[in-house]
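**Q** One structure, pasted below without further comment.
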Amino acid sequence: MLNRLIDRLTKKKWSEAEIDAMVGPARSAWLTYANDEAVRDRAASGGTTSALLIHMLETGAIDGAIVCRTFIEEGKVRAHFVLAHTREDILAARGSKYVETKFLREVLPILEQNEGRFAVCGLPCDITNLKRWEEKNPKLAGKVALRLAFLCGHNSRKELIDHITCQLCTKAGGDCQLTDYEFRTGHWRGELEARFDNGQTIRKPFAFFSDYRNLYFFAERKCVACIDHFGYDADIALGDVWLYSLRDDPMKHTGILVRTERAEAAFNALKDAGLVHGEEITREMILDGQTRIAPVHYNVSARSRAGKLFRVKVPDNHNMKVGPIKYFSAVVGMANMRWSEHKEGRQVMAIPRPLIRIYLIFKKGLETIK
């Protein structure tokens, strides 16, 4: 009851024009989770992405899926795109990857060197770039059976995860090497988990990493020019639904936007096979589940104007209204990004965590005001 009350009290009023602009068109929207517990296990949200890819693979709808996996390279966490051919390959790629990748550099060769039809997973910007390549190359387009985009506020440079894993190594005893890492598993916000060669496993609330990310420390520069939170060019967009009314639900859910006919066919086949639980909802509920960050992400005009203070050119084709609070919030975010881009940026990690938490609460407060 309390969580539902919180949702009602914090609910923003969206016009149809705002929903159309921020969320984009969709044939339907759903609140979902995979019915197979083994698929949901260690998933970032409800396991729907894995369930969909596995079903398409095992029914012959696709010959493989291009997914992003985490690897440990010289003791550091890195993420790469690989071609998954089996259920096990897909499950090995479960979970969010909050670190920069080289999407086109890795995905285009996979598509060019392999024959067949493939589902391709990526962030909204990745999927938009893929679509542009498809428009230029019909042969390439013929190999893409489904484009899947994950809801994204922004991504982080590898330096952030390197700083975090260094701190985790210290907590594990210091003289050790990282052997495995997961950004976020478990219910609601979840936990990160790091395993080391000395046998130690360190678990921390996801906020141990995400507090810095949410403050735009070590953000990728390209992200400040992006407005696409919801994967406009995807066939299907998937992500978390951060509603307090879902917090106590034993099942963590995946919110999805079915944008195209081929996505609708794939999702209906998944439901008809009984592999996913799906409750049809509105696009507005998807937006409600991203109520704080989605409008901030969409308002590139605020970042464009704030960027001038830091000699960062941010293209702005939207010319949106920017009030003083939105402008100040953008200034804070841009300042944090620029600070962490310099050598002195490592000093961010020396700030006491209680101060980081207070700073984040302040920043979220600015972002919450419509």
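What follows is calculated from the coordinates using simple rules that are stated; it is not laboratory data. No experiment lies behind these values; they were computed from the predicted model shown. Cβ coordinates were reconstructed from backbone atoms using ideal geometry, including for glycine residues, and neighbour counts include every protein chain displayed.
**Q** On average over all directions, what projected area in square nanometres does region 180-249 have, based on the convex hull of its Cα atoms?
**A** With the hull built on Cα positions only, its mean projection is 7.2 nm².
**Q** Now, a different point. Take the alpha carbon atoms of region 168-197, find their center, do the same for region 61-76, and report the distance between the two centers in whole angstrom.
**A** Region 168-197 and region 61-76 have Cα centres spaced 19 Å from each other.
**Q** Another question about this same structure. Straight-line reach from residue 326: which lysines have Cα under 30 Å away, leaving out those fewer than 8 places along the same chain?
**A** In chain and number order, the partners are 11, 12, 13, 97, 158, 222, 308, 313, 343, 363, 364, 370.
**Q** What residue among 299, 198, 336 shows peak mean-square fluctuation when the chain is described by a Gaussian network model with Cα springs under 10 Å?
**A** In this elastic network of the chain, the residue with the biggest mean-square fluctuation among 299, 198, 336 is 198.
**Q** Please report 361, 227 as a ranked list, fewest other C-beta atoms within 10 angstrom at the top and most at the bottom.
**A** Values: 361 10, 227 20.
Result, fewest neighbours first: 361, 227.
**Q** Quick one: dipole size for the chain, taken about the Cα centre, charges +1 on Lys/Arg Cβ and -1 on Asp/Glu Cβ, in debye to the nearest 20.
**A** Working: 56 positive and 47 negative charges, 351 e Å.
Here the chain has a charge dipole of around 1680 debye.
**Q** Please report the antiparallel percentage of the DSSP beta bridges confined to the chain, to the nearest 5.
**A** On the way: 35 of 46 bridges.
Of all bridge pairs located within the chain, approximately 75 percent are antiparallel.
**Q** Let me ask something else. Choose one answer from 38, 145, 26: the residue with the largest mean-square fluctuation in a GNM of the chain with alpha-carbon springs under 10 Å.
**A** 38
**Q** Could you list the trypsin sites (Lys or Arg not before Pro) in region 182-235 that lie in coil according to DSSP, counting only those with at most 12 other Cβ atoms within 10 Å of their Cβ?
**A** Here no loop site has a sparse enough neighbourhood.
**Q** Against the empirical 2.2 N^0.38 Å scaling, what ratio does the C-alpha Rg of region 32-116 come to?
**A** 1.12
**Q** From largest to smallest, what semi-axes in whole angstrom does region 138-229 give when each is the square root of 5 times an eigenvalue of its alpha carbon gyration tensor?
**A** So the equivalent ellipsoid measures 30, 17, 13 Å along its semi-axes.
**Q** Need one number: the % of Cα-Cα pairs in region 178-322 sitting beyond the 23 Å mark.
**A** Tail fraction, whole percent: 54.
**Q** What is the dipole size for region 107-200, taken about its Cα centre, with +1 at each Lys and Arg Cβ and -1 at each Asp and Glu Cβ, in debye to the nearest 20? It would help to have the intermediate numbers written out before the result.
**A** On the way: 13 positive and 13 negative charges, 110 e Å.
Magnitude of the dipole: close to 520 debye.
**Q** Using the Cα atoms of region 223-301 to build a convex hull, what is its mean projected area in square nanometres?
**A** Result: 6.2 nm².
**Q** Would you please state the base-10 log of I(q)/I(0) at q = 0.12 1/Å for region 306-370, with intensities from the Debye formula using one equal scatterer on every alpha carbon?
**A** Treating every Cα as an identical point scatterer, log10 I(q)/I(0) equals -0.38.
**Q** Considering only region 1-127, what is the antiparallel percent among its DSSP beta bridges, to the nearest 5? Show your work: numbers first, answer last.
**A** Values: 9 of 12 bridges.
Of the beta bridges lying entirely in region 1-127, close to 75 percent run antiparallel.
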